[in-house]
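Read the figures in this text as sums done on the coordinates, not as results from a lab. As the structure is a computational prediction, the values presented were derived from the model and not from experiment. Neighbour counts are summed over all protein chains in view; Cβ atoms, including those assigned to glycine, are modelled from backbone coordinates with ideal geometry.
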Amino acid sequence: MNANQAAESLLASNQQKELEDLPKDYPLSTSEDEGDKDEERKHQKLLESISSLNGKDRQKLADRSEASLKVSEFSVSSEGSGEKLVLSDLLEPVKTSSSLAAVKKQLNRVKSKKTVELPLHREEIERIHREVAFNKSSQILSKWDPVVLKNRQAEQLVFPLSKPQSAFAPIEHVVNGWKAGTPLEQEIFNLLHKNKQPVTDPLLTPVEKASLKAMSLEEVKMRRAELQRARALQSYYEARARREKRIKSKKYHRILKKGKAKQALKDFEKLQKVNPAAALEELEKLDKARMMERMSLKHQNSGKWAKSKAIMAKYDLEARQAMQEQLARNKELTQKVAASESEEEGEGQEEEEEPLVPDLVNEVQIKANGLNPWMFRNHFIDAKEAEVQKDLEDPAEPEAQETSESEEEKAVVEEETLLKEFEERRSLRQKSELNHMAEPVHRRVTKDPSSQEVLSDLRALCQKLSTENHQSGKQELSSARTAQREEPAREEEEPMLLQRPERARTLDELEELGREGCVENEELPRTAVEGLQLEKNLSNHIGAPKEKKRKEQMIDLQNLLTTKSPSVKSLAVPTTVQELEDEEERDQRQIIKEAFAGDDVIRDFLKEKREAVEASKPKDLDLTLPGWGEWGGIGLKPSAKKRRRFLIKAPEGPPRKDKNLPNVIINEKRNTHAAAHQVQVLPHPFTHHQQFERTIQTPGSTWNTQRAFQKLTMPKVVTKPGHIIKPIKAEDVGYRSSSRSDLSVIQRNPKRLSIRHKKHLENNCVD
Amino acid sequence: MKVKMLSRNPDHYVRETKLDLQRVPRNYDPTLHPFEVPREYIRALNAAKLERVFAKPFLASLDGHRDGVNCLAKNPKSLATVLSGACDGEVKIWNLTKRKCIRTIQAHEGFVRGICTRFCGTSFFTVGDDKTVKQWKMDGPSCGEEEEPLHTILGKTVYTGIDHHWREAVFATCGQQVDIWDEQRTSPICSMTWGFDSISSVKFNPIETFLLGSCASDRNIVLYDMRQATPLKKVILDMRTNTICWNPMEAFIFTAANEDYNLYTFDMRALDTPVMVHMDHVSAVLDVDYSPTGREFVSASFDKSIRIFPVDKSRSREVYHTKRMQHVICVKWTADSKYIMCGSDEMNIRLWKANASEKLGVLTSRERAATDYNQKLKEKFQHHPYIKRISRHRHLPKSIYSQIQEQRIMKEARRRKELNRIKHSKPGSVQMVSEKKKHVVAVVK
């Protein structure tokens, strides 16, 4: 037992130690009952304590208390509270202590949750996943849209798209990376090494480096371009100056000088405003110039020219004038400025007091904003200027006259002027019609028979056209006029007094036209001729008011042409129908008439048809050779006999298909052989034939310069033989490619989804 | 007195060397060169005729296989190397410049179903009917060594197709499902399925490389996202799609070769309507491959011909056939976009020019200018009837020709019937369905 005693004492001491060693937060089971089991346990402890005496396994002892930590009597863990459970705590009613708050919270949370949501059906989850993934990937793909569009529309694509960067490697780099392979190379290298050639040379000498740094390529280019431009400008101005100097025209120089003077004056004024001191200097210069003029003999009538003029002056008024002019100029130039000091007073005064300077100074000082005395506009100069301008205009006028006089064109011109006048009148008439809206009904009735008549006339005309092909536009006019004349009473309605002079002229022209028509075409319809004569008679009789009458007639002629079109349409309709028209209908017609007032469709059509017929007629062949067998020269024409002999008459072609169809033009030009080669239908991408024609009209090398030709024939896709074309990459087009590899991003287990997730995702999908 | 002399700078008319062209001074005054358009028209006519005269597209036939050629692959790093797999499990590597087979491997038992090269061009993969995936070295074994694959993966089911990722050590196979494999592992890193049917072909998108497309025998085309390991969308067509091919220049465009004689070009973002329906074949289309320029593609058909379609045209611009060429099973456009290869049933691989009348070899600048000009002329006058007729004229085998006629009649009849139906029913109740929409049955999300 002794040993047991000793052991117990050891144990006790040991336990003390143990207690000390243990951290405070270790809850201790204080109850130690004495029993057999305890005996055993103590023994165990003893053994352990003995074994732990050597100090190594002491930690193990601490483990023992773990069990008691976990197993708490109250089944509520007080873990983390760091408090000892004291008996008094348990006696008291339960309070809200910090240790329990967390637990309570947990409990509440559990209570608040009713049921856990069911996970979605697997298929549905997958569907959602797919949808989300699809949206994501299509978003990624949409970044390619601009690239694809650009490539599709590109003028030219050169494959491979990514060009290897051509880097300029110094020779040393290349040499270092290269090894001698063949025996010859090896031999050479051996030799080089033997001679101790510098193997690791510095790449560039300091001087070279400095020179590289000195100016970048762009800078040099820019500088060069600048210099080039300056040189080009200089040479251009030089050339221009030379050219101008070479012009001999005095008039030109005079005008030029005047212009310069004006400019100088302006400049001077500006200078005065901006910098009075500088202006003063200028004035001083002018003063000096005046002195120079006084000293010189210029404008003194003592030169060679003046002397010669002096001789002529006796007989020639102009020479005398010129001399006087010169003297006057001298006087002007040498006149002293009255008050050059009073500069600041005002511009109006200054202009009067401007000093006068000789030419010499002007020429020199224009650039330096010099004041120029030539600005002074005396009447004399003005007159001269006017003269000059006249001179300048003169040459143009005769030309115009010439052209107008040329006989062939005359008719055309007249026609055109006529048309213009018609237009004018139409606009005016529209106005007047607006004023006379009240009367249309009456007018309509009166007009109807006349329009019928006109129609019959026109038909006759058409017949003639088709049979003889010998009519001109003037006839229509004249025939129309006859129709007009038969109802003069109506004309009074038109208040057309506004444009008197113009109209009078056009009328005259019209008359002329009519006469020409008579002369040229013997087969003019009788009615027309009669009408014309009648009209003449009328005009003779009436005398003073004739002008007015005529004007009105003119107006009605226009009116008539415009009203014809509806009646042509209603050819088949009996006239009674027209009489039965409702008022509404009449109004409608009136509106339409107004809308198309002055659209002389019929006349245009007839003209067109006439031209078409003329064009399709085979032409006579004239084989006369002037000067062959008789005298030749300017103004000599081959004799009529000869002309007759050598004129080959074109055979009469087959009759036109539209011969008996007055209101139809049948084009007979279509060539069936050519048609086989022509495009019949507008091809797909084009929306208008002009677009298509434009694509055809850009010709090749025969008609274009080399550069333009190359540009025009540039192929759309260029590939190089032997070059591998790789698929386009994000880097090629300037996008950043994803840094992570596809392999590393693979997601293996997609998450489970609940309904809430699903809703969220679906919302995202919608977005 | 100053006398003006005529003087010329010899630089303007003397050639520097004998080989230089004589300088011809030109006057571009249009009045001196009348009839621009008619003259150009004649030139265009001549160009069109000459094009047909020089149209000799067939270059070579590579024979050596002992069974029908089932699959072709090109080497991404070498233009001259082509690989082919036959129906007897034999793989041959060809040198196109020599037009010779440089290596033969008995790779599989049964068909070689698919073949693809690694992006670096050092090795290639084959799948066969013996349920294996094999990786082979591109270079042949040194002497004494045996012809052995680098790796062999034994699968549970038959793999019907294979394609390699364009940038990484990943490849995809298809069979019962689409499997994505890491080259280093013997099991797929992910498998993607959508329904159960045998998938006949799988292709990686060359631009956005994480996208895949596959086509299965239940008439659908399925798109996959490799990163998210999920299918994206499925479109069901009228009939089965045999293969698809992605456009190498337009990331979202792919073309599907269908059994109903047509090819469909889709924008993968809008699958409900194809961008273009390409029709000209008269039998099932078996394979399709894009030109590397992305402007055209070539299709191989069961009707013993291959056709070249522009991407934006519904009709083919060219048809190639020979007397001896049987059903064409696979076709490839070479990486320099100049040639086309096709493998067919009768054991031959044929090499064609992509542009039938193109002159091969180096062109002088004048030749090039002339061809460019001729090309432009043909393009300019393409709508003129004579030129259109000449440049469209092709000789076709009687079978194809008669079938085209037959189908034209059938199509016309169908159209007429549809029109009649519309005519005789209540207005608005029957509507004309456009050709593009007609063939898409459904799009499944």
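General remarks:
- Between A:V681 and B:Y401, the FRET efficiency from the beta-carbon distance, with R0 = 22 Å, is close to 0.25.
- With at most 11 neighbouring Cβ atoms within 10 Å, loop GluC sites (Glu not before Pro) (DSSP) excluded, longest segment of chain B: B:147-445
- Listed values for the range A:258-269 are Karplus-derived 3J(HN,Hα) couplings in whole Hz (6.51 cos²θ - 1.76 cosθ + 1.60, θ = phi - 60°), namely 4, x, 4, 4, 4, 4, 4, 4, 4, 4, 4, 4, and x replaces Gly and Pro.
- Angle between chain B longest axis and helix B:365-380 axis [Cα atoms, degrees, rounded to 10]: 80
- Inter-probe distance in nm under a simple model that places probes 7 Å from Cα toward Cβ, at A:D38 and A:L625: 16.2
- Tensor-based shape of the range B:88-132 (alpha-carbon gyration tensor, a/c under 1.5 rounded, otherwise prolate or oblate): oblate
- Here the translational diffusion coefficient of the range B:193-341 follows from Stokes-Einstein with Rh set to the Kirkwood radius across Cα pairs; for 10 °C and 1.306 mPa s it amounts to 104 µm²/s.
- Along each principal axis, taking the top coordinate minus the bottom one, the Cα set of chain B gives 106, 79, 43 Å in descending order.
- Database remark: amide H of B:I329 closer than 5 angstrom to the amide H of B:G343, B:S344, B:D345 (H placed geometrically; neighbours at sequence offset of 5 or more, or on other chains; Pro and chain starts carry no H).
- Amide H contacts of B:V275 (H built 1.01 Å from N, under 5 Å, at least 5 apart or other chain): B:T265, B:F266, B:D267
- Percent of Cα pairs exceeding the 15 Å cut-off, where the set is the range A:696-737: 64
- Overall shape: oblate for the range A:298-337, with the ratio a/c of the largest to smallest alpha carbon gyration tensor axis at 1.5 or above and b/c at least equal to a/b.
- When the range B:53-169 is described by a simple charge dipole with +1 on each Lys and Arg Cβ and -1 on each Asp and Glu Cβ, the residue from B:A86, B:V133, B:A55 located farthest towards its positive end is B:A55.
- Lys pairs under 16 Å by Cα in the range B:1-151, provided they are eight or more residues apart or on distinct chains: 8
- Förster radius 51 Å - calculated FRET efficiency between A:T334 and A:R229 (Cβ-Cβ, nearest 0.05): 0.65
- If R0 equals 41 Å, the separation of the Cβ atoms of B:R99 and B:A370 corresponds to a calculated FRET efficiency of about 0.90.
- Loop-located trypsin sites (Lys or Arg not before Pro) in the range A:681-738, at most 14 other Cβ atoms within 10 Å (DSSP): A:K716, A:R736
- Here the 3J(HN,Hα) profile of the range B:281-294, calculated from phi with Karplus coefficients 6.51, -1.76 and 1.60 at θ = phi - 60°, is 5, 10, 8, 4, 8, 9, 8, 9, 8, 7, 5, x, 7, x Hz, Gly and Pro shown as x.
- Volume of the Cα convex hull of the range B:115-231, divided per residue and given in Å³: 94
- nm² value of the averaged projected area, convex hull over the Cα atoms of the range B:255-384: 9.5
- Toward the positive end of the charge dipole of the range B:209-289, with +1 on the Cβ of Lys and Arg and -1 on the Cβ of Asp and Glu, the farthest Cα among B:I253, B:V222, B:V275 is that of B:V222.
- Once both labels are positioned 7 Å from their Cα atoms along Cα-to-Cβ, the gap between A:K711 and A:I311 label points is 6.5 nm.
- The tail of the calculated P(r) for the range B:1-110, taken as Cα-Cα distances beyond 17 Å, holds 76 percent of the pairs.
- Subtracting the Cα-Cα distance of B:V362 and B:R240 from 0.36 nm times their residue separation leaves 39.5 nm of extension gain.
- The value given for the range B:184-230 is a Kirkwood hydrodynamic radius of 11.5 Å, derived from the mean inverse Cα-Cα separation.
- Near B:R113, the amide H atoms lying under 5 Å from its own belong to B:V127, B:G128, B:D129; only residues 5 or more places off or on other chains count, and H is placed 1.01 Å from N.
- Kirkwood Rh, Cα atoms: Rg over Rh of the range A:579-734: 1.23
- Extension gain, A:L87 back to A:K617 (0.36 nm per residue minus Cα-Cα distance, nm): 177.1 nm
- Kirkwood-based shape ratio for the range A:232-319, expressed as Rg/Rh from alpha carbons: 1.11
- Where Rh is the Kirkwood radius over Cα pairs, Rg/Rh for the range B:152-202: 0.94
- The longest stretch of chain B left intact once loop-based chymotrypsin sites (Phe, Trp or Tyr not before Pro) with at most 14 other Cβ atoms within 10 Å are removed from consideration, loops following DSSP, is B:197-445.
- Sparsely packed trypsin sites (Lys or Arg not before Pro) within the range B:8-75, loop by DSSP, other Cβ within 10 Å at most 13: B:R8, B:R15, B:K18, B:R23, B:R26, B:R66
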